[in-house]
1. Taking A95 as meeting all but one of (1) over 20 Å from the mean Cα position of the chain (by Cα); (2) within 16 Å of ligand 2 (Cβ to nearest atom), write down the number of the exception.
2. Residues of the range 126-168 being within 15 Å of ligand 2 (Cβ to nearest atom), assigned to a helix (DSSP H, G or I) and not charged (D, E, K, R), which ones?
3. Return yes when I70 is within 24 Å of V159 (Cβ to Cβ), in contact (Cβ under 8 Å) with a residue 24 or more places away in the chain and surrounded by 20 or more Cβ atoms within 10 Å (Cβ to Cβ) and no when it is not.
4. Go over the candidates I43, I13, I19 one by one and state the one that is surrounded by fewer than 21 Cβ atoms within 10 Å (Cβ to Cβ) and β-branched (V, I, T).
5. Give the residues of the range 169-200 that are in a loop (DSSP other than H, G, I, E, B) and within 9 Å of ligand 1 (Cβ to nearest atom), sorted by residue number.
6. Inspect all residues belonging to the range 187-198 and state whether any of them is aliphatic (A, V, I, L, M), free of Cβ contacts under 8 Å to residues at least 24 places away in the same chain and near ligand 2 (Cβ under 9 Å from one of its atoms).
7. Just one of L58, L100 is in contact with a helix residue (DSSP H, G or I) (Cβ under 8 Å, 6 or more places away or on another chain) and more than 20 Å from Y157 (Cα to Cα); which is it?
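Bear in mind that the values in this text are calculations on the coordinates, not laboratory data. Remember, it's a predicted structure, so these values are computed and weren't measured experimentally. Here the Cβ positions follow ideal geometry from the backbone for every residue, glycine too, while neighbour counts run over all protein chains shown.
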Amino acid sequence: MLLQGQRFVVTGIASKLSIAWAIAEALHREGASLILTYPNDKIKKRVDMAAEAFGADLVIECDVASDESIKACFDKVAEHWGDGINGIVHAIGFAPMDQLDGDFTDATTREGSQIAHDISSYSFVALAKAGRELLAKRRGSMLTLTYEGSISVLPNYNVMGMAKASLEASVRYLATSLGGEGIRVNAISAGPIRTLAASGIKSFRKMLDISEKIAPLQRNVSQEEVGNAALFLLSPWASGITGEILFVDAGFNTVAISPQLMLDDE
Ligand code: NAD
Ligand code: 0WE
């Protein structure tokens with residue numbers, strides 16, 4: 001087992017469909033010990049289910065909108081695992097729903113933009129600040145989840161595209177800032193997956209159908225595939241990799257005009 005004796009803090013589980021659920025599952029399969037976090041009492045039940053499934057050591061509240069909540073959470077992590085942690089998984093993204101519907105210029109507001117950047121981007125830096133000492137003790141690593149919308153335009157992704165671009169820049173700045181302590185910082189850019197964060201998004205079905213047509217593998221990716229890539233980046237096999245954005249998207253990002261779509265029109 002690749003991660004026997006290793007310890008990870010995993011955020012972002014909200015259901016069995018969550019990407020974070022699949023990451024926790026992959027870490028558990030390789031023998032890692034886990035602490036899982038939840039943002040509020042509404043989500044706690046789901047995280048308790050994950051804790052049961054993966055034999056997690058602890059379930060702790062961590063609302064990344066609040067510095068006090070983050071501090072209280074990492075105080076508890078330090079109490080439990082005083083000699084350090086091997087990794088932190090950040091699988092958190094949020095913008096108010098009205099930001100993700102319709103024309104970018106019309107939909108985007110100052111408040112919506114602030115919330116999206118605070119919860120989806122700054123929170124990764126906040127976790128780095130809180131976890132720094134514990135990560136340094138084991139030369140651990142951090143991982144976040146991003147999306148193609150940071151680089152190119154997708155309908156309705158809107159201000160989340162700005163927040164993900166900011167998140168990806170933070171990966172590079174954190175990697176440089178923390179590299180001297182042996183801490184690595186990476187991201188996975190996942191293809192579209194039906195999770196809670198995708199539910200309620202207008203025409204998400206259509207997005208999945210189009211992605212599947214454009215992607216070189218001619219299909220979408222699963223949570224499990226993202227979980228396995230996450231396992232790699234968090235493991236000693238990735239000891240030389242930091243500041244990296246790894247695409248797990250069936251190759252979608254590499255295609256400008258798909259020969260497959262040309263055929264459809266002929
Ligand atoms: P999800 O809804 O299962 O996970 C989103 C998580 O964010 C939830 O667990 C939610 O509780 C958490 N969260 C929101 N506000 C929070 C706060 N204030 N404090 C703490 N946690 C908070 O959906 P998911 O698709 O698994 O999303 C996980 C990550 O993957 C997100 O960063 C998302 O942007 C990214 N991502 C998703 C897709 C996709 O198509 N599903 C593709 C690429 C990247
Ligand atoms: O990053 C994401 C999820 C972004 C997200 C989704 C929601 C829905 C519920 C952020 N905030 C909220 N707020 C809510 O209230 N993804 C990559 C999945 C996703 O979301 C999209 C997508 C894709 C793909 C939104 C529009 C278009 C495509």
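1. (1)
2. G149, S150, V159, M160, G161, M162, A163, A165, S166, L167
3. Yes.
4. Step by step, each of I43, I13, I19 is checked, and only I43 is surrounded by fewer than 21 Cβ atoms within 10 Å (Cβ to Cβ) and β-branched (V, I, T).
5. G191, P192, I193, R194, T195, S199 - these are the residues of the range 169-200 that are in a loop (DSSP other than H, G, I, E, B) and within 9 Å of ligand 1 (Cβ to nearest atom).
6. Yes, the conditions are met somewhere in the range 187-198.
7. L58
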